[in-house]
1. Which of (1) at pLDDT 80 or above; (2) surrounded by fewer than 20 Cβ atoms within 10 Å (Cβ to Cβ); (3) not acidic (Asp, Glu) is the odd one out, the single condition Pro59 does not satisfy?
2. Residues of the stretch 144-190 being among the polar types (S, T, N, Q), assigned to a strand (DSSP E or B) and surrounded by fewer than 19 Cβ atoms within 10 Å (Cβ to Cβ), which ones?
3. Of all residues in the stretch 87-125, how many are on the phi > 0 side of the Ramachandran plot and among the hydroxyl-bearing types (Ser, Thr, Tyr)?
4. Give the stretch 142-187 a look and list any residue that's among the aromatic types (Phe, Trp, Tyr) and closer than 25 Å to Ser96 by Cα, or say none.
5. Select from the stretch 104-120 the residues that are in contact (Cβ under 8 Å) with a residue 60 or more places away in the chain and among the hydrophobic types (A, V, I, L, M, F, W, C) and list them in ascending order.
6. Would you please list the contacts, defined by Cβ atoms under 8 Å and residues six or more apart or on different chains, that run from a residue in the stretch 121-137 that is surrounded by 10 or more Cβ atoms within 10 Å (Cβ to Cβ) to a residue that is in a strand (DSSP E or B) and charged (D, E, K, R)?
7. Does Gly94 fit the bill of being more than 18 Å from the chain's Cα centre (by Cα) and either within 21 Å of Gly185 (Cβ to Cβ) or surrounded by fewer than 16 Cβ atoms within 10 Å (Cβ to Cβ) (or both)?
8. Please enumerate the residues belonging to the stretch 51-100 that are touching a residue at least 40 places away in the same chain (Cβ under 8 Å), part of a strand (DSSP E or B), over 23 Å from Pro126 (Cβ atoms) and hydroxyl-bearing (Ser, Thr, Tyr).
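The values are calculated or read from the model by the stated rules, or taken from the named source; none is laboratory data. No experiment lies behind these values; they were computed from the predicted model shown. Here the Cβ is made from the backbone with ideal geometry for all residues, glycine too, and neighbour counts use every protein chain on show.
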Amino acid sequence: MILSLTASTFNFAHRIHHSGRWLSFLVLTGTLLIAACIPEPDLKNTKLYTNAGIQFKYPGNWSISEEDTNNHSHYLIVHTNRDGILTMHQFKGGFSPTLNQFADTMTGYYIEEMGEEFVKELKAEPTELSISNKTMPAIAETHTIEDQGQRLPMMRYYSRLDDPAGWIYISFQSPADAFQKEKPGFQLILDTVQNVNEGKTQEAK
C-alpha cells in the first residue's frame, strides 16, 4: 500500500517532458564531443532561486528549465552547463516517502524513460551528504548507458533535507567523467537550500 501510494504521488508530481532517448542522445553526442570546452560552474556570480517556499543559490551559468507547482507538490529541475541535472521535490499534505522509496521510484522512472536495455551495471550503496549544514543519509548510484556500441558511465545521488517545514527530496546526476567538475555547483545548491515561508520568498524576489 505504501509503495503504491509513493508511486502514485511521484507520478503526479514528477512529470517527465523529454522522450525516453533524450538523455542517451545528449550524453553520447554532446558530452563526448565538446565537454572539454565547457567552463567550470560559475560560483562567483551565483543566482538565487526562491519560489513556493524553497530557496537556494546556484551557479551563474546554470539554469532552471522546468517548474511544476500544484496542490500536491513543488518540483523543479536545475540544468548544469554540461550534461548534469539536479531535481528537487517538496511534497505537501504530510506525504514523506522514505529515502529508499524516493530513490527506487525515481530510478524506476529513469529506466522506463531511457529503456531498460540501455541502462547497464546499475549499483547503489548508502552514503552521506552535507545539506544545509546537516549530515543527511544519501544513496550513491552508478550505472552505464550503452547505445550503438558506445558506453557512458553515470553517477547519481539521492538524498532529502530533514526540515520541520517539510522534506525536500533531492537527486542529481552527471556523466562520471564530468562529475568532479560539476560537484562544486551541486554542493553550492546543497549548502544553501532551505525551506522559507511564502512571505520571505516574495520579499527575496
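1. Unmet condition: (2).
2. Thr144, Gln150
3. 0
4. Listed by number, the residues that qualify are Tyr157, Tyr158, Trp167, Tyr169, Phe172, Phe186.
5. The answer is Met106, Met114, Phe118.
6. Leu122/Glu141; Ala124/Glu141; Met136/Glu128; Met136/Arg160; Pro137/Glu128
7. Taking the combined requirement at face value, the residue satisfies it.
8. Tyr58, Ser73, Tyr75
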